[in-house]
Amino acid sequence: MKIYLDLIKIGDTILKNQPKQAIIITTKNRRERQGMADNKQNTEVRAVEDLSEQERIEEIKRLRARLEELEKPPQNDWHAWFLAMLNISLFPYLDKIKIESEHLLGVEPPRADFLIIEEEDDVDLGLDIFQIFRRHNIIEFKNPTDTLDRRTLRKVIGYGSYYISQSPHKDDIRPEDVTLSIFRDTKPVELFKELGSQVIEADTKGIYHIEGVTDLPFQIVVTGELEGKEYAGYRLITKEADVDDLEQIVRDSNGSTEQFVLNQYRAFFDKLALVNEEFIDKIKRRNDMKYNGWLDAFRPEIDKEIASVVEDNLFEYVNDGVMPIDYAARKANVTVDDFKKGMAAHGYKVPQMV
């Protein structure tokens, strides 16, 4: 946040102290204001000194609002996070299925979050969360702040009906070949109370079949309730990530040699770090990690920490014997190994720990 506040201060200074700086002011075309179908805009270039005090204030407000907007993560970040996990889980089957994100269900909206199309009959996708799948599988992903209620159910059911009705020919997409799924990290307690006996808990914990609301197979998957190492990545798609699950998915990523899968892990870790701001600090302080490559996922963040070390002269203190290396590493919020690598990269002699 500090960097954005600094930018705002700089913007204020520019507007106040550099009158020769020009800005662009966009005004609506008169014909457009009169309701005519003309999307063109007229632009007027005005020097800052020609602006009134009120106009300068308004321009600063506009810049501040724009900076705040830029600071926010894209709204689809949660969906990109979930998609990365889908790609990882289903990679062995990508020659038999097709995953589409933000799929347009017909000639016009609505759009489903994800559509997984099995291009062969009776494809076994391995995980129990995919066991109800048939040829056409619509997935709605709800992030922790999204509502999941009866209106959501109606919307997803509508997606299925609309998708079937928009097929060019009668039997191109048959109702018996379509399934509906909603994924969410926590159980929708109030909705399940309303549905009562229509909610059937599957043998696999975290999977709930919804009956009596549609003729299409319908499941709600509560990712936070899924058990087993195979679901560690899905459990991590939350605001309250678990270190043990991270260790598991890091092990999984270290065991992969496919570049596509590695790219998906990189995207997954990026989203994890973005949403869980304090999570990286927590895992970097944990001392019982047994997997040497696990921090590679957060290399950009570590590099930033090392840069701050240089600014604070911690390398120099350690080099001169003023500060123990383990203490300096803790102060820098990095591991001792990363601190040593940073020292070597910046030309300092790495001391030997006794």
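Here, each number is a calculation from the coordinates, and none is a lab measurement. None of the values given here were measured: they were computed from a predicted structure. Because the Cβ atoms are built from the backbone with ideal geometry, glycine has one as well, and the counts that use them run over all protein chains shown.
Structure notes:
- On full extension, the segment bounded by Gln198 and Asp77 gains 40.3 nm, given 0.36 nm per residue less the C-alpha separation.
- Whole-Hz ³J(HN,Hα) from phi, Karplus 6.51 cos²θ - 1.76 cosθ + 1.60, for the stretch 266-275, glycine and proline x: 4, 4, 4, 5, 4, 5, 4, 5, 5, 7
- Difference of contour (0.36 nm per residue) and Cα-Cα distance, Arg62 to Glu190: 42.0 nm
- Distance violations [Cα-Cα > 28 Å] among Lys96/Lys193; Lys193/Lys239; Lys142/Lys170; Lys193/Lys271: Lys96/Lys193; Lys142/Lys170; Lys193/Lys271
- Taken about its Cα centre, the stretch 77-240 carries a charge dipole of roughly 540 debye when the Cβ of each Lys and Arg holds +1 and the Cβ of each Asp and Glu holds -1.
- Percent of alpha-carbon pairs separated by more than 20 Å within the stretch 77-240: 49
- In order through the stretch 154-160: 3J(HN,Hα) via Karplus (6.51 cos²θ - 1.76 cosθ + 1.60), integer Hz, x for Gly, Pro: 4, 5, 5, 4, x, 4, x
- Cα lying deepest toward the dipole's positive end in the stretch 77-240, options Ser165, Ile210, Trp78, charges on Cβ: Trp78
- Note on Phe260 and Gln131: the model spin-label points, each 7 Å out from Cα along the C-beta direction, lie 2.7 nm apart.
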